[in-house]
Structures are given as structure tokens and as C-alpha cells.
Amino acid sequence: MLKHLEQQLAEREAQSLRRHRRIAETACAPRQTVSAHDGLPRELLAFCSNDYLGLANHPLLIEALAEGAQRYGAGSGASHLISGHSRAHALLEDDLAEMLSSQGPEVRALTFCTGYMANMALLTALGDAQTTIYTDLLNHASLIDGARLAKAAVYTYPHNDLAGLDRRISACSTPRKLIVTDGVFSMDGDLARLPELLTLAERHDAWLVVDDAHGFGVLGEQGRGVLSHFGLRSERLICMGTLGKAAGVAGAFVAAHRTVIDWLVQSARPYIYTTASPPAVAHAVRASLQLIRRDEGEQRRRHLAALVAAFRRGVPEVLGDLLRDRGWQLAASQTAIQPLIVGRSEDALAMSAALESQGLWVPAIRPPTVPSGGARLRITFSAAHGVGDVERLLSALALAGKDMA
Ligand SMILES: Cc1ncc(COP(=O)(O)O)c(C=O)c1O
């Protein structure tokens, strides 16, 4: 076994695919002290977190977490169905159901320890042998794994290809159908064509599962997410959102018609057979939802949009040659996820290293996380960044790009 694994590790190394972890010595923020390969801590300007609103280190959330721990202790002690379901979890579910009530009638919410578990739970609990799951090619790994584990038949459709999906679903023979898609695609930043997908779902009597990990808190009125962004409402909508990204804390939820939620409580194994997350976390998320929905959240969303626009304006100026001559592409994204697709893993790693030598932390994302030949810098912005940070990123990209050219 060890020999086999060592050989596989060596192969990954040779293909520039071996991953390394950094140790963050300080809180998640644009300026983070990080221990790099050589083990020496250094301050980097980070463009890699999913803390889109800059709430992960917000004093009110830190206070709420501490207050939650004072009130409920450090851990929940058991799973939700035994004794771990606290008042904090119940109140959070009420808050989320109220916040997402516009997505359909009789919406309820259920919280999970992580988004990964929420997706596994959803697809295994709903995807029985009488169901077909239709899943976008670029969906997140947790949706792919949930579909694999479900007893349902699974069909993967090309990214955002509604005509292909329509043809395929027309020939479906199972009584139940689930269309499953990221709302904001995590490695590309683009949006699913949700209004058309919902129309298609209605026409074919299918249900639409939307993973809003990267939209909740950032998109839509009061940060309600991608469904609100598109103004969608239907009983057929099931929304999964995460609470460790824009909401700045941890965990996830599913919002859906109360019958769907009741069924998840009865049957979803990743919900039932795991210790409930610490109640203090739920308590802190409630404080985060208040910030997200109020003026402060709105101001942060506006500032974030301005940073993204400034970045997109600047990239053709600083990387024009590489975009033209090497086919590098800034993805067609209007969200805080702004990938620069360079193609080869070696080039993504070289760019990331060149940026790091200038004090910037921008991760290279390589296969299998993205399709082969689609290696990229996944640049993400946070409302905690300033305009000067975007300028610094653009100048650093210009310098790193010159070396590559
Ligand atoms: C689209 C998408 N769905 C689900 C998840 C999983 O969420 P969590 O990190 O809470 O497990 C992620 C990222 O982590 C994601 O990007």
C-alpha cells in the first residue's frame, strides 16, 4: 500500500498536481500571516477566501460566538435526533425559513454541519430508485458525490446546456426527476440559467435543486441569494446554502417545502448520523444573518461589486498580450469569483508563485478540481478588500505576466 501511494504521489508531483496546505497563523482577512512551504510566517494579501462580505473576522460575530458558547457550552453533545438539537439551531432554522420564504409556499429550513453533508443528504434522501438526477457537468464535488451515492439514475448534462437537458428529460421514464445545479459555479463564477431551468422543470414535472453556496449573502435582495436575484418562486425549488462563506461562520442549510424538510429529518443519513454542530455556531450565524440583511450587508455588497468591476476593467490593460497571444481568459463572471484561466497547470503554478513572490496569495486551481487543460488562478474578492488592494493585484499580475510572456 505505501509503495503504491508513494508512486501515485510522485506522479502527481511530476504533473504539477500535488497539493500543499498553508498554515494561516491569523484570522481570515485580506492581510493574513501565513506559513508557506519554507515554514517561515509571512504576511500576504489574500485573494482566495470565500469570505465574500468580510464577516469571518467581524467583531459582532466573534462576540456572538463567545456569547453562544457561554449560553450553550462548547459542543452539542449528540446528534439532532437524540439530544443535540438546541434552541439556537431551532431559532436559526426559523430565521432562515423567514429569510427564504419568497422562494415558495410553506418554506422551512434545516441546518447541517457543512454544505458537503447537506448536498449528500439531499441527493441521497430524494434520489431513490424511482428518480432520475440530472446534474450539470460543472457542479460541485459534493453534488457529484451525492448523486453517486443516491440510488437514482444519474445523467450529467453539459454545462448550462438546456437544450440537451430538455431532450434527455423528455425521454425520462422514472416517476420523479431532480435537476441539480450550482447557482453560482464555484470555479467559474458564472450563474446557472435558473429561470429557464425552472420553466423546464415545471414543463417536465421535475424538481430543481440549487446549490447557492456562492450566492447566499451576496446576491438578491438583502442577500437572500440567487433565487431572489432571479425573482424565482415555486414549490419545486429546493435551495442549499452554506454558512461558512459569505455568512462568515460555518455550516449549511436546506430550504424547501415543509414536506421535503420533514422527509430529510426522517431519512437523510448525513443529518441523522452525526453530532449536531455546536449551538454557539448557530447563535453566531443568527447574528451574521442580521448583518447580511441590514444596511451594513447592503453596503458591503455594493463595495464588493465595485471591486469586481474595477478588477475586470483593469485586467485587459495589464494582461492584454497574454489574453491575446496565449489564449488566457478572464472568465465571464460578474460575481466575486474571478478566475483567470491559463490552461496548463505549470502556468497556473508559475503565476501563483510569481504573485506570491510579490506578497500576494492567489491559489492555482488544477485538475481534477477543474477540467483538464483548464488550470486557473481562482481570484476571489471580499468586501474587506480596499480599492488599493485591487490596484496592487493588477500591478502584480502585470509583472508576473511579463515574466510568463
Ligand atoms: C458549490 C459548493 N457547494 C457546496 C460546498 C460545500 O460547502 P461546505 O464548505 O460548507 O462543506 C462548496 C464549497 O465548499 C461549494 O463551493
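The values are calculated or read from the model by the stated rules, or taken from the named source; none is laboratory data. None of these values were measured; they are calculated from a predicted model. In this analysis, Cβ positions are derived from the backbone assuming ideal geometry, glycine residues included, and neighbour counts consider all displayed protein chains.
So which of Gly217, Gly241 ends up being more than 23 Å from Tyr134 (Cα to Cα), modelled with pLDDT of 95 or more, of a type in the set (Gly, Ala, Ser) and outside the structural domain of Ala336 (by TED's automatic domain parsing)?
Numbers: Gly241 fails: more than 23 Å from Tyr134 (Cα to Cα).
Only one candidate passes the filter, namely Gly217.
Within region 98-124, restricting attention to residues that are outside any helix (DSSP H, G or I), surrounded by 21 or more Cβ atoms within 10 Å (Cβ to Cβ) and among the β-branched types (Val, Ile, Thr), which residue is nearest to the ligand (Cβ to nearest atom)?
Thr111
Among the residues of region 170-193, count how many are within 14 Å of the ligand (Cβ to nearest atom), farther than 17 Å from Tyr116 by Cα and surrounded by 21 or more Cβ atoms within 10 Å (Cβ to Cβ).
Looking only at region 170-193, we keep the residues that are within 14 Å of the ligand (Cβ to nearest atom), and these are 180-192.
Still in the list and also farther than 17 Å from Tyr116 by Cα: 188-192.
Then keep just the ones that are surrounded by 21 or more Cβ atoms within 10 Å (Cβ to Cβ); that gives 188-189, 191-192.
So the answer is 4.
Considering only region 141-169, state which residues are of a type in the set (A, V, I, L, M), part of a helix (DSSP H, G or I) and more than 16 Å from the ligand (Cβ to nearest atom). Before you say what the answer is, go through the steps one by one.
Taking region 141-169 and keeping what is of a type in the set (A, V, I, L, M), we get 141, 143-144, 147, 149-150, 152-154, 162-163, 165, 169.
Subset that is part of a helix (DSSP H, G or I): 141, 143-144, 147, 149, 162-163, 165, 169.
The answer is Leu162, Ala163, Leu165, Ile169.
Out of contact with any strand residue (DSSP E or B) (no Cβ under 6 Å at 6 or more places or on another chain), modelled with pLDDT under 95 and of a type in the set (Gly, Ala, Ser): is that true of Gly320 in this structure? Break it down stepwise before answering.
Numbers: out of contact with any strand residue (DSSP E or B) (no Cβ under 6 Å at 6 or more places or on another chain): yes; modelled with pLDDT under 95: yes; of a type in the set (Gly, Ala, Ser): yes.
For Gly320, the condition - out of contact with any strand residue (DSSP E or B) (no Cβ under 6 Å at 6 or more places or on another chain), modelled with pLDDT under 95 and of a type in the set (Gly, Ala, Ser) - is met.
Being more than 25 Å from Arg203 (Cβ to Cβ), part of a loop (DSSP other than H, G, I, E, B) and more than 12 Å from the ligand (Cβ to nearest atom) is the filter here; which residues of region 214-247 pass it?
Going residue by residue through region 214-247, those that are more than 25 Å from Arg203 (Cβ to Cβ) are 214, 216-219, 221-224, 241-247.
Remaining after also requiring part of a loop (DSSP other than H, G, I, E, B): 214, 216-219, 224, 243-247.
Gly217, Val218, Leu219, Arg224 - these are the residues of region 214-247 that are more than 25 Å from Arg203 (Cβ to Cβ), part of a loop (DSSP other than H, G, I, E, B) and more than 12 Å from the ligand (Cβ to nearest atom).
Within region 241-283, restricting attention to residues that are closer than 27 Å to Asp51 by Cβ and surrounded by fewer than 24 Cβ atoms within 10 Å (Cβ to Cβ), which residue is nearest to the chain's Cα centre (by Cα)?
As a first pass, look at region 241-283 and keep what is closer than 27 Å to Asp51 by Cβ: 241-256, 270-271, 274-283.
Checking the rest, the ones that are also surrounded by fewer than 24 Cβ atoms within 10 Å (Cβ to Cβ) come to 244, 250, 270, 274-275.
Working: Gly244: 9, Ala250: 12, Pro270: 19, Thr274: 22, Thr275: 23 Å.
Out of the qualifying residues, it is Gly244.
Scan region 321-352 for residues that are of a type in the set (Gly, Ala, Ser) and either assigned by TED's automatic domain parsing to the domain that holds Leu191 or surrounded by 15 or more Cβ atoms within 10 Å (Cβ to Cβ) (or both) and jot them down. So that I can check it myself, show each step before the final result.
Just the residues of region 321-352 that are of a type in the set (Gly, Ala, Ser), to begin with: 327, 331-333, 336, 343, 345, 348, 350, 352.
Residues satisfying the conditions are Ala331, Ser333, Ala336, Gly343, Ser345, Ala348, Ala350, Ser352.
Please verify whether Val318 is farther than 16 Å from Gly54 by Cβ, surrounded by 15 or more Cβ atoms within 10 Å (Cβ to Cβ) and in contact with a Phe, Trp or Tyr (Cβ under 6 Å, 6 or more places away or on another chain), treating the condition exactly as stated.
Values: farther than 16 Å from Gly54 by Cβ: yes; surrounded by 15 or more Cβ atoms within 10 Å (Cβ to Cβ): yes; in contact with a Phe, Trp or Tyr (Cβ under 6 Å, 6 or more places away or on another chain): no.
Criteria not met by Val318.
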